[in-house]
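What follows is a short report on a single structure.
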Amino acid sequence: MQIKTINDYYENVRELWPRLPEKDIKRILNFGFKSLYLHNSYGGDTLIKDKDFLCYIGYLRNNSVAHYHYYIKKLIIKLRVLYKRRKIQWDGYYYFALRDD
């Protein structure tokens, strides 16, 4: 099995979109691969799907309750990554939730 790098995909994408400049193809693919790496390094799961292609990077659970708790953890990671991407300035307050008890 040969290990592929991002350089192996430039020509394939160029064949699909021949009018797109090579510089733009490189920027798009670099952004996509870096985003995929960033989300995985933060511990997030990634789902890539197309008409006839499905790729899930993460853990699948058989137990629905365990999967629900896993989903909550991953949703927290997703919100944290999106918050960092938006670069929202801190307003000086900490927000949290309390239960009635």
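A short reminder: the numbers here are calculations on the coordinates, not readings from a lab. As the structure is a prediction and not an experimental result, all values here were calculated from the model. All Cβ positions, even for glycine, are placed from backbone atoms using ideal geometry, and neighbour counts span all protein chains on display.
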Item to check | MRE, 222 nm, helices only [DSSP H, n ≥ 4, -39500 (n - 2.57), over the chain, to nearest 500] | outcome: -16500 deg cm²/dmol
Next on the checklist: How long are the semi-axes of the equivalent ellipsoid of the stretch 45-87, taking √(5λ) for every eigenvalue λ of the Cα gyration tensor, in whole Å from largest down?
Outcome noted: 21, 18, 6
Item to check | Options (1) 1.02; (2) 1.49; (3) 1.09 - which one matches Cα Rg over 2.2 N^0.38 Å as calculated here | outcome: (2)
Next on the checklist: Rounded, prolate or oblate, given the Cα gyration tensor of the stretch 2-52, with a/c below 1.5 counting as rounded?
Outcome noted: prolate
Item to check | Residues of type aspartates and glutamates that Lys51 reaches as a straight line, Cα spacing below 20 Å, ignoring anything fewer than 8 places off in the same chain | outcome: Glu15
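Could you work out the relative contact order of the chain, using alpha carbon pairs under 8 angstrom and six or more residues apart, expressed as a whole percent?
That works out to 16 percent.
Holding the Cα-Cα limit at 31 Å, pick out from Lys23/Lys87; Lys34/Lys73; Lys4/Lys87; Lys23/Lys74 the pairs that are longer than that.
Lys4/Lys87; Lys23/Lys74
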Checklist entry - Rounded to the nearest 0.05, what FRET efficiency do Lys4 and Leu60 have when you use their Cβ-Cβ distance and R0 = 35 Å? => result 0.90
Item to check | Nearest 10 degrees, 0 to 90: helix 22-41 Cα axis against the chain principal axis | outcome: 30 degrees
